[in-house]
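Heads up, the thing below is written out as structure tokens.
The values are calculated or read from the model by the stated rules, or taken from the named source; none is laboratory data. Note that the structure is a prediction, hence the values are computed from the model and not measured. Neighbour counts run over all protein chains shown; Cβ positions are idealised from the backbone, glycine included.
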């Protein structure tokens, strides 16, 4: 079967505060009821998959201190910690891990008032689980990063889907 290129996108608009992250803190949309990132339609059928070849993180801010983030990807949903809480997956949740994509601040490119980090040549195979055609992600800060209030992070996964 031929493969199909797919760009799956998920966005997190963080809370309206400027509370600094420390290494290991979750970057999320809420301090009380955070929602996990969902990358939809990355598989043609439930249980199918593909390969993530590249990933892009677009930031609504071009801050002086650039963010270092890891994107943890899972084949099924896991418990989502709230914004600025320590990332602490259970042993079982860790077994759902597909892989980790690191967005390094040293690769941050400023685009006017915005910024972006792109990671190329990833080659990360994935497979969805059960009845779904999506994978899930959690952004985790890896440096002391002071965010802007309601800063928006858009993550794009450049996939080649098994079709």
Checklist entry - Which condition number in (1) modelled with pLDDT of 95 or more; (2) within 25 Å of residue 130 (Cα to Cα) is the one that residue 85 fails? => result (2)
Checklist entry - In the range 61-88, how many are closer than 22 Å to residue 148 by Cα, assigned to a loop (DSSP other than H, G, I, E, B) and touching a strand residue (DSSP E or B) at 6+ places or on another chain (Cβ under 8 Å)? => result 14
Next on the checklist: Would you confirm, using the coordinates I've provided, whether residue 125 is farther than 21 Å from residue 25 by Cβ and at pLDDT below 95?
Outcome noted: no
Checklist entry - Taking into account only those residues within the range 85-103 that are without any contact (Cβ under 8 Å) to a residue 40 or more places away in the chain and buried (at least 16 other Cβ atoms within 10 Å of the Cβ), which is nearest to residue 24 (Cα to Cα)? => result 89
Checklist entry - So is residue 73 touching a residue at least 60 places away in the same chain (Cβ under 8 Å), out of contact with any helix residue (DSSP H, G or I) (no Cβ under 6 Å at 6 or more places or on another chain), buried (at least 21 other Cβ atoms within 10 Å of the Cβ) and closer than 14 Å to residue 134 by Cα or not? => result yes
Item to check | Condition met for residue 41 (over 13 Å from the mean Cα position of the chain (by Cα) and assigned to a loop (DSSP other than H, G, I, E, B)) | outcome: yes
Next on the checklist: Going residue by residue through the range 111-133, is there one that turns out to be surrounded by 14 or more Cβ atoms within 10 Å (Cβ to Cβ), assigned to a loop (DSSP other than H, G, I, E, B) and touching a helix residue (DSSP H, G or I) at 6+ places or on another chain (Cβ under 7 Å)?
Outcome noted: no
